[in-house]
Amino acid sequence: MSKLNELGLAEARDALRAGDTTAKELTEACLIAIEAAGALNAFVHKTPELAMERAAAADARLAQGDAPAMCGLPVGIKDLFCTKGVPSQAGSRILQGFLPEYESTVSQNLADSGAVMLGKLNMDEFAMGSSNETSVYGNAVNPWRRGNDVTPLTPGGSSGGSAAAVAADLCLAATGTDTGGSIRQPAAFTGTVGIKPTYGRCSRWGIVAFASSLDQAGPMTKSVRDAAIMLEAMSGHDPKDSTSADLPVPDFEAALTGDIRGKTIGIPKEYRMDGMPAEIETLWSEGIAMMKDAGAEIVDISLPHTKYALPAYYVIAPAEASSNLARYDGVRYGHRAKLDQGDGITEMYEKTRAEGFGHEVQRRVMIGTYVLSAGFYDAYYNRARKVRTLIKRDFETVFAQGIDAILTPATPSAAFGLGEMTDADPVAMYLNDVFTVTVNLAGLPGVAVPAGLDTKGLPLGLQLIGRPWQEADLLNAAYTLERAAGFVAKPAKWW
Amino acid sequence: MSIDESTAARVAKLARIKVEPEALPALAGEFNTILGFIEQLNEVDIDGVEPMTSVTPQVLKKRADVVTDGDQQARVLSNAPDAREGFFAVPKVVE
């Protein structure tokens, strides 16, 4: 057996049930790996005592034969999830010192399922970013490097700490959240699997809100099977989130048959971007061939409004963020600025928010404020919402034509160097999400699967997009792709 | 649509974020870059299209209009930067 922290969820679960290891041993192995991985800056709040407590409880349940699906499996939790009594800062200075009095529904579901929380994971501030460089904790670092080149690379974002931690075997799996690609892009940059489920599948209650109509939680794992196990544990109806779907959660793992014969996979022509690296083209063609070999029918499709997804997103997401982030006012929780003599409440708000929010968050809140302001609401916000309707209609049209899933690249490039985009204009960074953001706007499930390496030895991912609520079928397609691609590479340990 | 420094200052004020005057030109420039990108939306024919309100068609659930939670003053105040006598404390609001 490989080292315990290197196991995936399914392997560890089976080893626990066979009595080959214990939750305590698994947890200790991860805690040791975390302590040795400071250079990755993935875990930003560690909870070793809590983890050992939960591991002991899991071992007791295992001994009694009363072990739920994730019993004894050590995982990391993105800092965006409120966890009772454990710092939950959303990567922001403005929530420094915040200790939630409650637990997010998703992290509670995982705890109820027996999972062991190891700590909180680095992320872009308020999940706004594609490189984990906007975090108050500093950059998370990708365990992957370009061969012998020691340039530190981004693990992607916003769930950069989650992706780095899973890829470096600091935990068996981690939670992520995805508003425009924040699970799938980091998964693709680190050779891991990440699924954003259908909007409404996971409760958003207790997850710090960025853009409420787009945010969804999902698992980041070492395999598609692990994603199926963990997504099932995270999902389910929650009366505390009015957008949470009251639908039964299928047995996702049971859907992994590897048989996609007779399924129809659509290939959208609009995802063939000008200037796309040849390696991404090649990877995509290989993926298409793999799905065809597995017995799927391949059909060229058109999603004509694709190019308008990013501009629509950069109206809708900041608009919702400006509203959601209004709550950080220095009154109820988090940071409050030191005030000068004579400062009133307005100065308190303005100074608190200027000190507490980083540059990218301030910029997005102000863009959101602008597009919602009197005189511009129709021209920007309403127009973007109408374009969103058209983007969703594009998908509905192809699904009605019999398309079961859509195969695209996950990202327009492999992981880039930390700091490489610093001088680029903000729009250049936004282009990272060009293949993923349509899925959030349409509320669909999407999964990133590692499918190959570029010439520098960095992982590249493909994305599969499914029909609403058909995560089971989508995961099966992803499982088929994963088996065909046979991606087994791991980053060489340098940290 | 071009944003000048005074518009940038107005937006910062609306967003309740203090921006120093010397930072306004750069901020206005960034806004213009982003809004320039967003302007692409003007190419789309949106005649007769309804703005999206809910991405998954669903009827919001209703529940009985009764108190289901409460009496948690200490927990509500536990993270406040300044809480006194059971209240959130803020600088003087009215003279």
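Read the figures in this text as sums done on the coordinates, not as results from a lab. The shown structure was predicted, so the numbers you read here are calculated from the model rather than taken from an experiment. Here the Cβ is made from the backbone with ideal geometry for all residues, glycine too, and neighbour counts use every protein chain on show.
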Seminar exercise, completed: Mean per-residue count of partner chain Cβ within 10 Å for A:441-447 equals 2
For this session: From other protein chains only, count the Cβ atoms within 10 Å of every residue's Cβ in A:383-394, then give the mean.
Result: 5
Exercise. Among all the lysines, which ones have a C-alpha under 24 Å from A:Lys263's C-alpha, if same-chain residues fewer than 8 places away are not counted?
Worked result: A:Lys196, A:Lys292, A:Lys392
Seminar exercise, completed: For the protein assembly as shown, percent of DSSP beta bridges that are antiparallel (nearest 5) comes out at 70
Problem set entry | Nearby lysines by direct alpha-carbon distance to A:Lys240 (threshold 18 angstrom, same-chain neighbours under 8 apart not counted) | A:Lys84, B:Lys61, B:Lys62
For this session: Work from the charge dipole of the protein assembly as shown (Cβ charges, +1 for Lys and Arg, -1 for Asp and Glu, about the Cα centre) and give the residue of A:Asn148, B:Ala15, B:Val94 farthest towards its positive end.
Result: B:Val94
For this session: Express in nm, to one decimal, how much length is gained between A:Met52 and A:Asp340 on full extension, taking 0.36 nm for each residue of separation and deducting their alpha carbon distance.
Result: 99.1 nm
For this session: Starting with the fewest neighbours, write out A:Glu49, A:Glu320, A:Glu28 ranked by other beta-carbon atoms found within 10 Å of each beta-carbon.
Result: A:Glu49, A:Glu28, A:Glu320
For this session: Choose one of A:Leu339, B:Leu35, A:Ser131: the residue whose Cα lies farthest towards the positive end of the charge dipole of the protein assembly as shown (beta-carbon charges +1 Lys, Arg; -1 Asp, Glu; about the Cα centre).
Result: A:Leu339
For this session: Could you work out the mean count of beta carbons from other protein chains within 10 Å of each residue's beta carbon in A:356-368?
Result: 4
Problem set entry | Sorted peptide list for A:364-374, A:62-72, A:113-123, A:429-439, criterion being average Cβ within 10 angstrom, highest first | A:113-123, A:429-439, A:364-374, A:62-72
Exercise. Can you give the charge dipole size of chain B about its Cα centre, rounded to the nearest 20 debye, using +1 on the beta carbon of Lys and Arg and -1 on the beta carbon of Asp and Glu?
Worked result: 640
For this session: Excluding A:Glu471 itself, calculate the net charge of residues whose Cβ lies under 13 Å from the Cβ of A:Glu471, where each Lys or Arg counts +1 and each Asp or Glu counts -1.
Result: -2
For this session: Determine, for A:Glu53, A:Glu270, the number of other Cβ atoms within 10 Å of each Cβ, and report the residues in order from fewest to most.
Result: A:Glu53, A:Glu270
For this session: Could you please rank A:Ser130, A:Ser213, A:Ser2, A:Ser413, placing first whichever residue has the fewest other Cβ atoms within 10 Å of its Cβ?
Result: A:Ser2, A:Ser413, A:Ser213, A:Ser130
Exercise. Taking only the alpha carbons of the stretch A:57-116, what extent do you get along each of the three principal axes, in Å, biggest first?
Worked result: 44, 17, 16
Exercise. Gain in length, B:Asn79 to B:Glu5, computed as 0.36 nm per residue apart minus the alpha-carbon separation, to one decimal in nm?
Worked result: 23.0 nm
For this session: Hey, can you grab everything whose amide H is under 5 Å from the amide H of A:Glu297? Only 5+ residues off in sequence or another chain; H modelled, so Pro and N-termini drop out.
Result: A:Gly262, A:Lys263, A:Thr264, A:Ile265
Problem set entry | Isotropically averaged projected area of chain A, using the convex hull of Cα atoms (one quarter of hull area), nm² | 22.7
For this session: Would you please give the residues with an amide H less than 5 Å from that of A:His45, counting only those at least 5 places away or on a separate chain, with H modeled from the backbone geometry?
Result: A:Lys120
For this session: Show me A:457-469, A:220-232, A:84-96 ranked by packing, highest mean number of other Cβ atoms within 10 Å first.
Result: A:220-232, A:457-469, A:84-96
Seminar exercise, completed: Computed over all unlike Cα pairs, the Kirkwood hydrodynamic radius of the stretch A:263-331 in Å stands at 15.3
Exercise. Shape call for chain B from the C-alpha gyration tensor, a ≥ b ≥ c root eigenvalues: rounded (a/c under 1.5), prolate (a/b greater than b/c) or oblate?
Worked result: oblate
For this session: Would you work out the charge dipole size for the protein assembly as shown about its Cα centre, treating the Cβ of every Lys and Arg as +1 and the Cβ of every Asp and Glu as -1, and quote it to the nearest 20 debye?
Result: 460
